[in-house]
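Shown next, in structure tokens, is the structure this report addresses.
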Amino acid sequence: MNQKILLLAFLKENKAIVVDEPGVTRDRLYGRSFWGDHEFMVVDTGGVITVSKSKNEVMEELAITTTIGMEGIPLASREAAAGLTAADVEIADWLRKHYSHKFVILAVNKCESPKKGIMQVSDFWTLGSFSPLPISALSGTGTGELLDLVCSGLEDLHEEQDEDYVPAISIVGRPNVGKSSILNALVGEDRTIVSPISGTTRDAIDTEFTGPDGQFRLIDTAGIRKRAAVASSGSTTEALSVNRAFRAIRRSDVVALVIEAMACITEQDFKIAERIEKEGKGCLIVVNKWDTIPNKNQQSAVYYEQDVREKLRILQWAPIVYATAISGHSVDRVIVAASEVEKERSRRLSTATLNQVVQEALAFKSPPRTRGGKRGRIYYCTQAAIRPPTFVFFVNDANLFPETYRRYMEKQLRKDAGFPGTPIRLLWRNRR
Ligand code: GDP
């Protein structure tokens, strides 16, 4: 199941129902969540959307959340006691207008008693298209049903999205490393502009591209930088370019991080690398201007790779492509590698294979015993999501698995099952 984003609107106090690891991504409004075989991202719109706010503000908040390029299921929540208000009707109209093709969940909170709840939500039936679900964040009533409903919606969303899934590749890196040259070598100067994705960033224009394995969307950050550079000074351009890279990364499936062969890896490269990993994007490192390395021999790439691996340890799983963009040399390898990375990022391991790998890793090295003599046990493991591949370990007590052991397990998983070019996630969950 693909990792999905759920829009969580109007809901602050309920956050604990579904968010179990807040702050996994870079800001506090996101949380990774898990239910059954599904893993999804919960986006809390801040809980600042309350009916006490003016209508315009409400709409504005929702508009912001929906236009930053998220796909998901809107989840509206209301307190039962307040009854149906005029603002609810307006919000419902707004949701209907913007999500006519989508499934919208209306959770009515503070319905502690299941029986009474049915009565308490009756008002909300008048909103039409959304069936109100009585829940109680406090007692947990109805929250299981809510999550089941969310997951059934995710399944639809999954099918819907996969049909026309076109992976996006961005070419990012510091100024002058050769991003435009790579892009030009790939698609020529004369790019077909598809369209700027509505409502998202306007500083990157996408280009359609057919690679050996199918269609890709290339996110061009380079060309636009040139225009921005005219208007700004050197250092501002550098800072701007990192922010632009961050935005491009967010919209990408695979990121080609370009570095220059003769230049050192800088703090800026590291920041970009870190962001790629954090956002769970596929990545390949392109060492460009390979022609500038003097007296190359067969060992050059080996030495170079050691250096890159050392300095960009966070991307040690990323393949490296050596290219000379100005002559077009090896540039097509960028697309071939990106395509392989995308496949890995979307790969599913069967539960049987996965458990075999895990059992072998366990047999080779058990989790450490605590001072009190307790030891972690893994009951079973399943792949809950792709893009990036996410594995859930059901264990007796997640606290009995220290970071070193978690890293060991990740290393073993990579050793036996691969996944080059993509970050992988291991989640540890208690099951009693
Ligand atoms: P960008 O700012 O990352 O988009 O970089 P550009 O593509 O504009 O390239 C910056 C400069 O590096 C230009 O003068 C290019 O001609 C030069 N350049 C790009 N790729 C190569 C290469 O593979 N080898 C050499 N020697 N120069 C290159």
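The single condition among (1) modelled with pLDDT of 85 or more; (2) away from the ligand (no atom under 16 Å from the Cβ); (3) of a type in the set (A, V, I, L, M) that residue 384 does not meet is (1).
Let's see how each residue does on (1) within 16 Å of the ligand (Cβ to nearest atom); (2) under 22 Å from residue 340 (Cβ atoms); (3) in contact (Cβ under 8 Å) with a residue 60 or more places away in the chain:
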| position | (1), (2), (3) |
| --- | --- |
| 266 | yes, no, yes |
| 281 | no, yes, yes |
| 291 | yes, no, no |
| 315 | no, yes, no |
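Take the conditions farther than 21 Å from residue 245 by Cβ and at pLDDT below 60 and apply them to residue 190. Does it pass? Yes, satisfied. Please tell me if residue 254 is within 14 Å of the ligand (Cβ to nearest atom), closer than 26 Å to residue 307 by Cα, surrounded by 13 or more Cβ atoms within 10 Å (Cβ to Cβ) and at pLDDT 55 or above. No; evaluated as a whole, the condition is false for this residue. Which helices (runs of 4 or more DSSP H) does region 287-402 wholly contain that include 3 or more residues that are crowded, with 17+ Cβ neighbours inside 10 Å? Once the helices (runs of 4 or more DSSP H) in region 287-402 are filtered for at least 3 residues that are crowded, with 17+ Cβ neighbours inside 10 Å, what remains is 331-345, 351-364. Across region 198-251, the qualifying residues are those that are modelled with pLDDT of 70 or more, closer than 14 Å to residue 183 by Cβ and of a type in the set (Asp, Glu), and the one among them that is surrounded by the most Cβ atoms within 10 Å (Cβ to Cβ) is 206.
Screening region 163-183 for residues that are without any contact (Cβ under 8 Å) to a residue 60 or more places away in the chain and more than 7 Å from the ligand (Cβ to nearest atom) and picking the one that is surrounded by the most Cβ atoms within 10 Å (Cβ to Cβ) gives 183.
Inside region 260-283, residues that are surrounded by fewer than 15 Cβ atoms within 10 Å (Cβ to Cβ) and out of contact with any Lys or Arg (no Cβ under 9 Å at 6 or more places or on another chain) make up a count of 3.
The residue of region 146-187 that is modelled with the lowest pLDDT, among those that are under 27 Å from residue 213 (Cα atoms) and part of a loop (DSSP other than H, G, I, E, B), is 164.
The values are calculated or read from the model by the stated rules, or taken from the named source; none is laboratory data. Only a predicted model underlies this, so the values are computations on that prediction, with no experimental measurement involved. Every residue, glycine among them, receives a Cβ derived from its backbone with ideal geometry; neighbour counts consider all protein chains shown.
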